[in-house]
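The structure appears right after this line, and notes come after that.
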Amino acid sequence: MTSDRRAVATFGMWVFLASEGMLFAGLFALYAAYHHAFPAELAEAARHANRLLGTLNTYILITSSFTIATAIHRAREGRRYRAWILATVALGVAFEIIKATEYAQHLSQGFAPGGHFAFAELPARGHVFYVSLYFTMTGIHALHVAAGIAILSVFAARGTSVVRLELAGLYWHFVDVVWIFLWPLLYLGGGR
Amino acid sequence: MTRLVITYAALMLLVTISYLLPAVAFPIATVKAILVAAIFMELARGRTTSRLALGLMVVFVALLVVGVLGDVATRYAASAYVH
């Protein structure tokens, strides 16, 4: 691939990521609006998020950004890189399993979005907006992680070109950056 | 490779600080995002066009959040949400 085509491919990926950023921006704006209306309720509901598992997932996802960056670095030097992609995939799967565990725990307690809210420790008014936002934002994010896992699994199995790996890496880092903001917002009582 | 390792170590440290001091977790998240974008996504030595796409996204995200917040802050009383 010529350097011009490579530059165009990279720019195209950035434009795609910018559009993805706008998708999440809408959700962050929605959170800001509900936070303005119900600051105390959102903060109180956020205390019921599983802070330990959320933090563990933050460590996992940032580690996965490091492993994919290392894979790209090694691929450029012509060294073996597939094990590093595989490590990234494994960390992504670990993230999803932990997320699913959190969901199961919340849903079994009635900590559920919208009309399904039946959490004994909180009244629905105001608090339910946090729960709906929590499931929507982390759910859409988890779907993005799943898409990344699928792409990287193919690359790990078949090998790929450096440029493709770079583009997949950009996407993976973007998903990591989204989580970097979701974590303080939804787990650490952010937005205050 | 050293750059990657140092960045990773810094990110891990920042996550730990955020966990211990949640009050400053959001500003720290911004620092972490800048680190990931600059080093892992290679914007620090990347092309201007990529930086332009990211810069425009940041501007539009800020416009959207500020616009929505400005709207709900001035148009409705909080009681309007109570049902």
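Scanning segment A:156-190 for residues that are at the interface with another protein chain (Cβ under 7 Å from one of its Cβ atoms) and either among the β-branched types (Val, Ile, Thr) or on the phi > 0 side of the Ramachandran plot (or both) yields a count of 3.
Matching residues to (1) surrounded by 16 or more Cβ atoms within 10 Å (Cβ to Cβ); (2) away from every other protein chain (no Cβ under 14 Å); (3) under 19 Å from the mean Cα position of the chain (by Cα):
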{"position": "A:74", "(1), (2), (3)": "yes, no, no"}
{"position": "A:88", "(1), (2), (3)": "yes, no, yes"}
{"position": "A:92", "(1), (2), (3)": "yes, yes, yes"}
{"position": "A:126", "(1), (2), (3)": "yes, no, no"}
{"position": "A:134", "(1), (2), (3)": "yes, yes, yes"}
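The number of residues in segment A:108-124 that are surrounded by 19 or more Cβ atoms within 10 Å (Cβ to Cβ) and aliphatic (A, V, I, L, M) comes to 1. Scanning segment A:138-192 for residues that are in a helix (DSSP H, G or I) and of a type in the set (Gly, Ala, Ser) yields a total of 11.
Within segment A:29-59, the residues that satisfy the criterion of being surrounded by 21 or more Cβ atoms within 10 Å (Cβ to Cβ) and under 30 Å from residue A:164 (Cα atoms) are A:57, A:58. Do the conditions hold for residue A:149, that is, is it buried (at least 18 other Cβ atoms within 10 Å of the Cβ), touching a residue at least 40 places away in the same chain (Cβ under 8 Å) and touching a helix residue (DSSP H, G or I) at 6+ places or on another chain (Cβ under 8 Å)? Spelling it out, residue A:149 is indeed buried (at least 18 other Cβ atoms within 10 Å of the Cβ), touching a residue at least 40 places away in the same chain (Cβ under 8 Å) and touching a helix residue (DSSP H, G or I) at 6+ places or on another chain (Cβ under 8 Å).
At least 2 residues being over 28 Å from residue B:48 (Cβ atoms), free of Cβ contacts under 8 Å to residues at least 40 places away in the same chain and not acidic (Asp, Glu) is the threshold, and among the helices (runs of 4 or more DSSP H) wholly inside segment A:1-113 those reaching it are A:3-37, A:51-76, A:82-108.
Readers should treat all values here as calculations from the given coordinates under stated rules, not as data from a laboratory. Worth saying up front: this structure is predicted, and the values here are computed from it rather than measured. Neighbour counts are summed over all protein chains in view; Cβ atoms, including those assigned to glycine, are modelled from backbone coordinates with ideal geometry.
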